[in-house]
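Heads up: the structure comes next, in structure tokens.
The values are calculated or read from the model by the stated rules, or taken from the named source; none is laboratory data. Just so it is clear, the model here is predicted, and its values are computed rather than measured. Ideal geometry is used to build each Cβ from the backbone, glycine not excepted, and the neighbour counts take in all protein chains shown.
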């Protein structure tokens, strides 16, 4: 399971609020054509991992990515680029005994 930090969960909730996501929709991590990751707002599909925070879905990991991202941390933070500070989402390995928010719900099965 992917671990979502409290900072990332808060940023995801804000993004979903501002995108006017409907019930059952969350931010989805999906594979892109170049082998990287893309994000979009939408509903889960069969086999996806759904991460909830306070009973609401905040992050959906596409089924094809679940094994590849298992055990990683989905975080929100600042980084410096050319003297400018940018805030964005990122994936990293866990540090020590980190605890994420929410929980994964069983994958959808059709």
_Considering only region 59-76, I want to know if a residue exists there that is in a strand (DSSP E or B), more than 11 Å from the chain's Cα centre (by Cα) and modelled with pLDDT of 85 or more._
no
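Counting residues that are touching a strand residue (DSSP E or B) at 6+ places or on another chain (Cβ under 7 Å) and closer than 15 Å to residue 73 by Cα, which strands (runs of 3 or more DSSP E) fully inside region 1-57 reach at least 3? Step through it out loud before you land on a result.
Values: elements: 26-31, 37-42, 49-53.
Correct list: 49-53.
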*Of the numbered conditions (1) under 23 Å from residue 71 (Cβ atoms); (2) surrounded by fewer than 20 Cβ atoms within 10 Å (Cβ to Cβ), residue 50 satisfies every one except a single condition; which is it?*
(2)
*Considering each residue of region 1-59, count those that are over 17 Å from residue 88 (Cβ atoms) and in contact (Cβ under 8 Å) with a residue 60 or more places away in the chain, and give that number.*
7
